[in-house]
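Please treat every number below as a calculation from the coordinates, not as lab data. This one's a predicted model, so the numbers in the text were calculated from it and none came from an experiment. Reconstructed Cβ throughout: ideal geometry from the backbone, glycine too, with neighbour counts over all protein chains shown.
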Amino acid sequence: MESVAKADMIQAFLDRVRVAKRPLIGSHVSPDGDAVGSILGLAAFLRQAYGIDAHCALQDPVPDLYQWLPNASQVTGADSVPDDIDLFIVADTHQVERTGSVGEKVGEDVPVIVIDHHIVRVTVPAHSYIDSSAAAVGEMVCELFAATNTSYTPEAATACYVALSTDTGCFRYPSTTARTHAMAADLIEAGVDVGDITERVFDTMSLPKFALLGRILHRVEILADGRAAMTNLTTADLSECGAKPEDTDGLINFLRNVDGVEIAVFCRETEDGSTKVSLRARPGIDVSAVARHFGGGGHAAAAGTTIEKPLAEACGEITEYIEATFAGEIGG
Ligand SMILES: [Mn+2]
């Protein structure tokens with residue numbers, strides 16, 4: 001993105017948010033580290049830069065992995081959204097529907113503004129701040145601090161660092177740029193404890209998640225002469241392991257990382273009896289074609305879909321399609 005255009009966009013965003021008296025900051029359902037970190041970082045920015053007291057709300061609770069973040073306890077559900085909200089700031093998605101019950105709670109007359117790094121194919125509200133070159137919304141929040149010469153409190157820096165590090169897979173994904181590292185350097189200078197965050201977020205696995213890992217590794221199937229790996233979990237697996245759906249996050253990477261595997265498939269039975277499918281690919285392989293074949297979508301490296309069929313049936317169909325795709329090297 002051209003830097004002048006970006007500076008203008010940031011200025012327009014700032015001009016809009018600074019006149020809000022009681023903004024609500026929300027993000028998508030099933031919040032990840034960028035969702036939680038960026039809303040807390042943005043709330044801290046508004047407080048520091050303009051003395052604005054924003055309210056943060058998410059449909060789903062802050063995952064256990066991020067509960068320790070400063071001010072995480074002040075993130076409420078939809079029921080506690082105040083009545084006097086005069087601006088709804090939507091972060092890490094540009095679709096209000098993706099905020100679930102929080103968006104439904106916000107009155108139709110409340111203006112909406114977006115801060116997001118996903119590729120946007122629809123019209124977004126005026127004064128929105130969109131940067132698809134940013135590795136995380138956390139990075140965009142850092143840009144707001146930088147643009148206004150606002151100093152980070154250690155709490156704000158920690159929130160932004162969690163957003164930045166989680167959305168880049170701890171600075172490993174191709175989305176990681178020199179800018180990302182420059183922002184991280186600013187945050188570390190502002191007091192982020194890198195070792196502590198890494199320990200809490202990246203090097204800690206809940207016991208239920210560890211139990212799920214055992215099950216998916218035990219029942220992994222190697223397909224297409226070792227070029228694809230597939231596994232599954234049932235709702236019974238989750239309850240027997242005492243796990244939550246969020247405990248399945250990232251488990252697919254254990255399959256994708258196997259030498260020779262180009263495509264990893266993780267099928268999970270949902271409460272309503274359908275099958276949620278996650279797909280991951282090695283660089284150079286486009287797994288979104290597989291997702292699209294089954295009515296879903298996504299990116300080349302990461303895609304997904306939900307198949308309205310029982311787990312065994314859905315897995316069978318995917319196995320057949322992947323074997324055929326690799327056998328014929330057709331568009332997969
Ligand atoms: Mn994000």
Residue among Gly298, Gly260 that is surrounded by fewer than 17 Cβ atoms within 10 Å (Cβ to Cβ) and free of Cβ contacts under 8 Å to residues at least 60 places away in the same chain: Gly260
Filter pass, Val19 being loosely packed, with under 14 Cβ neighbours inside 10 Å and either among the β-branched types (Val, Ile, Thr) or in contact with a Pro (Cβ under 9 Å, 6 or more places away or on another chain) (or both): yes
Breaking point among (1) under 18 Å from Ile115 (Cα atoms); (2) out of contact with any Lys or Arg (no Cβ under 8 Å at 6 or more places or on another chain), for Val29: (2)
Filter pass, Leu42 being within 16 Å of the ligand (Cβ to nearest atom) and either within 12 Å of Ala159 (Cβ to Cβ) or not hydroxyl-bearing (Ser, Thr, Tyr) (or both): yes
Count - residues of the stretch 95-129 that are over 16 Å from the mean Cα position of the chain (by Cα), within 16 Å of the ligand (Cβ to nearest atom) and among the hydrophobic types (A, V, I, L, M, F, W, C): 1
Options Leu238, Leu255: the member that is under 21 Å from Gly169 (Cβ atoms), among the hydrophobic types (A, V, I, L, M, F, W, C) and touching a residue at least 24 places away in the same chain (Cβ under 8 Å): Leu255
Residues (β-branched (Val, Ile, Thr) and either on the phi > 0 side of the Ramachandran plot or within 16 Å of the ligand (Cβ to nearest atom) (or both)) located in the stretch 1-39: Ile25, Val29, Val36, Ile39
Those residues of the stretch 255-288 which are over 15 Å from Glu317 (Cα atoms), β-branched (Val, Ile, Thr) and outside any loop (DSSP other than H, G, I, E, B), in sequence order: Ile263
Residue satisfying condition, being within 16 Å of the ligand (Cβ to nearest atom) and either surrounded by 14 or more Cβ atoms within 10 Å (Cβ to Cβ) or in contact (Cβ under 8 Å) with a residue 60 or more places away in the chain (or both), within set Asp92, Asp86, Asp64: Asp92
Helices (runs of 4 or more DSSP H) (entirely within the stretch 130-221) containing at least 1 residues that are surrounded by 24 or more Cβ atoms within 10 Å (Cβ to Cβ) and acidic (Asp, Glu): 137-147, 154-167
